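Attaching a single structure in structure tokens format; questions to follow.
The values are calculated or read from the model by the stated rules, or taken from the named source; none is laboratory data. Please read all numbers here as calculations on a predicted model, not as lab measurements. Backbone-built Cβ (ideal geometry, glycine too); neighbour counts: all protein chains shown. Just so you know, the surface numbers come from the protein's heavy atoms only, side chains and all, with ligands and any DNA or RNA stripped out. Shrake-Rupley method; radii C 1.70, N 1.55, O 1.52, S 1.80 Å.
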Amino acid sequence: MKPEKVPAAITTFPSSAQIVPEPLGVVLVISAWNYPFLLSIDPVIGAIAAGNAVVLKPSEIAPATSSMFAKLLPEYVDSTCIKVVEGGVEETTALLEQKWDKIFYTGSGTIARIVLAAAAKHLTPVALELGGKCPAIVDSDVDLHVAVKRLAVGKWGCNNGQACIAPDYVITTKSFAPELVNSLKRVLERFYGKDPLESADLSRIVNSKHFQRLTELIAEKKVADKIVYGGQTDEKKLKIAPTILLDVPQDTALMTAEIFGPFLPIVTVEKIEDSIDVVNSKTKPLAAYLFTKNKKLQQAFVANVPAGGMLVNDVALHLTNPYLPFGGVGDSGTGSYHGKFSFDCFSHKKAVLVRGFGGEAAARYPPYTTEKQKILRGLINGSFIALILALLGFPRERR
């Protein structure tokens, strides 16, 4: 919160300049259900650190965590300026009707549009932490066993695919796809056993509604025919096994909408370089992943793929670095947080310039003559000679 001194320009000599962070005011944090504690407390910490009053609306889809916040948070923080509001659509709608100084929302693009429309009525700034179809490109030159382990834990180890940064689909070459599929099968069996529905290490689907949504994605025959591994379901336990699909038609719901579940389609291309065009044919993802030893491919990936963030030769770990901003771009969101970026997210950077009563320049004031215009142009261009002339009072001012 300490003011940051910055250089003063020659045009305002003598002067001092600083940037003063100030709290935005009263902010609303609407969190998600998939990591209900972290995605609530992380932005709340940033908002408090920046000096704001906060209302937290936890997700009603994770009711245990929501009630925990409502019960415990008031015991440890000042409840006059940090509030928890529980509830569903009705309560959230009522909150969005109020005027806030910022709204921080984590969730789906569909609800984000509702949040953004409500915020627009009051010109309220927003941070939208969304998702999208996060791609993972796998080159044939990789250490395959290491790459597949990282890919698997980043997909199924992250809430069984119910994570905004989980790989949504894989791109590899036609010739390398069979080897990649076989390696994935071996690793998944090692991780989750022969019957993954019985594995204690595999997350459940969050509720029946999302279970139904996911099973419908693979029910279509032209999708079901492309399953090369997995596909088992247990509605009573809300469990769906890790599922690999190969070359699913691009016009299916599985390939057009964010999956947010345990299905991993593999898209094949002739050359690995073609994968960049495949990624860019879709909306900008929250995260993009590349597994390769090829430095040229890596450089092309970083330079040409727009994404909220990217990681080379691993999955998801970029969000653990507090010195990197975490956030989306385009359809995957706007604004970023984590570490000091959370403080910045909930602060206004106020520009402050301080001058004394010396350093008067006659050229600043009308009537404007040709001589004055020359000195002013020189000052704008940073001319030291123009500064000296201005400080000496040229052209001479008539009193």
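With (1) in contact with a Pro (Cβ under 9 Å, 6 or more places away or on another chain); (2) open to solvent by less than 30 Å² (accessible area, probe 1.4 Å); (3) among the small types (G, A, S) as the list, and G46 as the residue in question, which single condition is left unmet?
Single failed check for G46: (1).
Can you pull out the residues in the stretch 8-20 that are over 12 Å from G356 (Cα atoms), open to solvent by 50 Å² or more (accessible area, probe 1.4 Å) and modelled with pLDDT of 95 or more?
Within the stretch 8-20, Q18, I19 meet the criteria.
Tell me, please, whether a residue that is more than 21 Å from the chain's Cα centre (by Cα), aliphatic (A, V, I, L, M) and open to solvent by 50 Å² or more (accessible area, probe 1.4 Å) can be found in the stretch 24-37.
Of the residues in the stretch 24-37, the ones more than 21 Å from the chain's Cα centre (by Cα) are 25-26.
Checking which are aliphatic (A, V, I, L, M) leaves us with 26.
Of the ones still in play, those that are also open to solvent by 50 Å² or more (accessible area, probe 1.4 Å) are 26.
Checked the stretch 24-37: at least one residue is more than 21 Å from the chain's Cα centre (by Cα), aliphatic (A, V, I, L, M) and open to solvent by 50 Å² or more (accessible area, probe 1.4 Å).
Report yes if some residue within the stretch 228-251 is among the hydroxyl-bearing types (S, T, Y), in a loop (DSSP other than H, G, I, E, B) and open to solvent by less than 60 Å² (accessible area, probe 1.4 Å); otherwise report no.
Taking the stretch 228-251 and keeping what is among the hydroxyl-bearing types (S, T, Y), we get 229, 233, 243.
Restricting the remaining residues to those that are in a loop (DSSP other than H, G, I, E, B) gives none.
No, the conditions are met nowhere in the stretch 228-251.
Right, next: If you take the residues in the stretch 258-281 that are surrounded by fewer than 17 Cβ atoms within 10 Å (Cβ to Cβ) and in contact (Cβ under 8 Å) with a residue 60 or more places away in the chain, which one is farthest from V302 (Cα to Cα)?
So the residue we want is E270.
Also, I was wondering about something else. Scan the stretch 78-89 for residues that are over 26 Å from the mean Cα position of the chain (by Cα) and open to solvent by less than 60 Å² (accessible area, probe 1.4 Å) and jot them down.
S79, C81
Quick grid of which residues meet (1) assigned to a strand (DSSP E or B); (2) without any contact (Cβ under 8 Å) to a residue 60 or more places away in the chain:
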| position | (1), (2) |
| --- | --- |
| L290 | yes, no |
| K293 | no, no |
| M310 | yes, yes |
| S342 | no, no |
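Additional query: Starting from the stretch 370-399, keep only residues that are open to solvent by less than 30 Å² (accessible area, probe 1.4 Å), then list their pairs with residues that are part of a loop (DSSP other than H, G, I, E, B) whose Cβ atoms are within a distance under 6 Å, requiring at least 6 positions of separation or different chains.
Between residues of the stretch 370-399 that are open to solvent by less than 30 Å² (accessible area, probe 1.4 Å) and residues that are part of a loop (DSSP other than H, G, I, E, B), the close pairs are A390/A361.
Among (1) open to solvent by 60 Å² or more (accessible area, probe 1.4 Å); (2) farther than 15 Å from L28 by Cβ; (3) out of contact with any helix residue (DSSP H, G or I) (no Cβ under 9 Å at 6 or more places or on another chain), where does K99 come up short?
Going through (1) open to solvent by 60 Å² or more (accessible area, probe 1.4 Å); (2) farther than 15 Å from L28 by Cβ; (3) out of contact with any helix residue (DSSP H, G or I) (no Cβ under 9 Å at 6 or more places or on another chain) one by one, K99 breaks only (2).
What is the number of the single condition among (1) buried (at least 17 other Cβ atoms within 10 Å of the Cβ); (2) free of Cβ contacts under 8 Å to residues at least 60 places away in the same chain; (3) in contact with a strand residue (DSSP E or B) (Cβ under 8 Å, 6 or more places away or on another chain) that G327 does not meet?
Unmet condition: (2).
Then there is this: So which residues in the stretch 45-72 are outside any helix (DSSP H, G or I) and of a type outside the set (A, V, I, L, M)?
Those that are outside any helix (DSSP H, G or I) and of a type outside the set (A, V, I, L, M): G51, N52, K57, P58, S59, E60.
For the stretch 78-102, give me each residue that is assigned to a loop (DSSP other than H, G, I, E, B), free of Cβ contacts under 8 Å to residues at least 60 places away in the same chain and not polar (S, T, N, Q).
D78, C81, V85, E86, G87, G88, E97, K99
Still on this structure, I have one more. Kindly evaluate S342 against the criterion of being open to solvent by less than 80 Å² (accessible area, probe 1.4 Å) and closer than 30 Å to I45 by Cβ.
yes
Would you check which residues across the stretch 128-139 are touching a helix residue (DSSP H, G or I) at 6+ places or on another chain (Cβ under 7 Å) and either open to solvent by 10 Å² or more (accessible area, probe 1.4 Å) or assigned to a strand (DSSP E or B) (or both) and list them?
Matches in the stretch 128-139: L128, L130, G132, P135, A136, I137, V138, D139.
Another one. Taking E75 as the residue in question, decide whether it is assigned to a loop (DSSP other than H, G, I, E, B), more than 13 Å from A127 (Cα to Cα) and open to solvent by 70 Å² or more (accessible area, probe 1.4 Å).
So E75 fails the test.
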